[in-house]
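Following: one structure in structure tokens, then a few remarks.
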Amino acid sequence: MKIKTGDTVLIRTGKDAGKQGTVTRALPKLDKVLVEGINVVKKHVKPRGQKGTTVEVSLPLHVSNVALVDGKKVGRVAYVTKGDKKERVIKGKLAK
């Protein structure tokens with residue numbers, strides 16, 4: 001998976017399309033990422049020793065629905081080998 005924790009991403013599809021956020025957690029086995037403040041839903045919590053409440057929770061998004069943002073560039077991630085180092089670069093442009 002090419003999106004890592006701490007990356008700034010653009011949401012490409014869904015109810016939050018066009019918004020940007022920071023990846024707080026990457027789930028490579030599921031091919032999903034958790035983006036701060038994006039895909040927020042309300043979850044009802046049962047009363048367990050205290051009063052039941054409604055909590056807002058961020059749900060993970062599939063990696064294919066986000067694009068990496070680097071300054072003004074937005075696009076897919078490619079790896080380029082320069083000497084002994086392997087660097088991530090943005091390939092192409094996904095216009096917003």
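Each reported figure results from applying straightforward, stated rules to the coordinates on display, with no laboratory input. Worth saying up front: this structure is predicted, and the values here are computed from it rather than measured. Backbone-built Cβ (ideal geometry, glycine too); neighbour counts: all protein chains shown.
Structural remarks
- Filtered by the rule that a residue be assigned to a loop (DSSP other than H, G, I, E, B) and of a type in the set (Lys, Arg), region 53-96 gives 72, 93, 96.
- A count restricted to region 1-36 and to residues that are under 19 Å from residue 73 (Cα atoms), touching a helix residue (DSSP H, G or I) at 6+ places or on another chain (Cβ under 9 Å), of a type in the set (Lys, Arg) and without any contact (Cβ under 8 Å) to a residue 60 or more places away in the chain stands at 0.
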